[in-house]
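K.L.:
My questions all concern the structure below.
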Amino acid sequence: MTSSPLSSRSFLRQLDLGTLDLFMLICESGSIARAAERGQLAASALSKRIAELETVVGAPLFERHARGVKPTFMGEQLANHAHNILVDVERLRGELSELSKGVRGRVRLFASASAVEQFLPGDLSVFTRAHPEIRIDLRQSSSRTVADAVLNREADLGICGHCDEVARLQSRPYRTERLVLVMPHGHPLASLRRLEYARALEYEQIGVRGSSTVQANLNRVARESRRVLRQRIEVDSLSAMCRMIECGMGIGVMPLGAFQALGERHLHAAELTDPWAVRALNLYALDFSALPAPARHFAERLTASG
């Protein structure tokens with residue numbers, strides 16, 4: 001099946017988003033009949049829509065086999081683009097819906113677990129109550145990922161501790177956190193209020209996946225002490241770490257603010273006296289003066305509250 005090339009404008013006028021959606025249903029189900037059922041139309045009507053789409057693109061999009069259909073090479077290429085187009089359309093629908101409800105700005109924010117589990121919930125609550133017209137899109141990531149997101153313009157702002165990647169970013173102070181060693185009340189170290197982390201190396205540890213900066217410090221102390229860091233398991237959140245510690249799986253390092261926010265009554269937190277256990281969390285941007293107005297206003301409020 002061939003046809004003469006279409007101009008960009010002509011192609012856009014003949015491309016139907018509804019047909020693209022039906023095309024993706026066929027790709028997902030592997031069957032025109034099942035796709036027609038999901039799309040709530042007759043199989044003959046769906047076949048006609050796909051034939052019209054094949055005329056537009058100038059090539060067959062499916063080949064039949066014993067159990068249904070599968071995309072041709074051209075169909076696979078179209079599917080990749082159709083997925084992105086339909087995602088963008090859904091994003092547009094959501095944004096238009098927000099605009100109709102009064103949303104007038106958006107801030108893309110990446111933040112480390114330390115910031116998310118200690119300080120941001122309160123700060124976001126205060127800001128969004130005062131500015132319901134601004135939406136905050138928050139994503140929790142490791143410090144390196146936060147920095148990379150800002151550098152690659154995937155985020156307007158980032159909040160995290162120091163890492164090598166933030167060297168190329170502008171920064172403003174946000175908050176200071178203190179790290180503690182968390183353990184059950186019956187643990188041999190539970191009688192201590194303060195200690196150096198090296199004393200914890202005798203015991204099995206629970207780590208947090210993606211906590212690159214803290215993990216680097218723990219590994220360094222182990223090397224300098226000529227000991228092995230006995231990290232038994234990694235979890236995805238500080239609350240999961242507490243559950244593991246409570247069940248006797250090991251001990252772990254976390255920010256004091258997060259420990260207090262979790263309200264753990266069955267666990268003991270001893271303050272770490274190592275210099276690296278007091279960390280600054282900063283707000284990062286490529287250029288604070290060039291931020292969109294909503295992000296600039298949000299940054300000013302965050303640094304003022306800190």
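K.L.:
I need the phi-derived Karplus couplings for region 262-272: 6.51 cos²θ - 1.76 cosθ + 1.60, θ = phi - 60°, integer Hz, Gly and Pro marked x.
P.N.:
6, x, 6, 8, 9, 10, 10, 10, 9, 5, 7
K.L.:
Connecting C-alpha atoms closer than 10 Å in a GNM of the chain, tell me which of ARG220, ARG104, ARG296 has the biggest fluctuation.
P.N.:
ARG220
K.L.:
Here is a further query. Ranked highest first by average number of other Cβ atoms within 10 Å, how do 285-292, 250-257 line up?
P.N.:
With the highest mean Cβ count within 10 Å placed first, the list reads 250-257, 285-292.
K.L.:
Of the labelled options [x] 29, 26, 16; [y] 51, 26, 18; [z] 31, 25, 21, which one gives semi-axes √(5λ) of the Cα gyration tensor in Å as computed for this structure?
P.N.:
From the options [x] 29, 26, 16; [y] 51, 26, 18; [z] 31, 25, 21, the structure gives [y].
K.L.:
Please compute the contact order of the chain in relative form: average sequence separation of alpha-carbon pairs under 8 Å and at least six residues apart, divided by the residue count, as a percent.
P.N.:
20 percent
K.L.:
With an 8 Å Cα cut-off and a minimum separation of 6 or more residues, compute the relative contact order for region 178-277 in percent.
P.N.:
Relative CO of region 178-277 lands at 51 percent.
K.L.:
Counting Lys +1, Arg +1, Asp -1, Glu -1, what net charge surrounds GLY161 among other residues with beta carbon under 13 Å of its beta carbon?
P.N.:
Once all neighbours under 13 Å are counted, the net charge is +1.
K.L.:
As an exercise, identify the trypsin sites (Lys or Arg not before Pro) in region 123-189 lying in DSSP coil whose Cβ has no more than 16 other Cβ atoms within 10 Å.
P.N.:
ARG153
Taken together, the values in this text are just the output of simple stated rules run on the coordinates, not laboratory data. It should be emphasised that the depicted structure is a prediction, and the values quoted were computed from it without experimental measurement. Quick reminder, even Gly has a Cβ in these numbers, built from the backbone with ideal geometry, and neighbours come from all protein chains shown.
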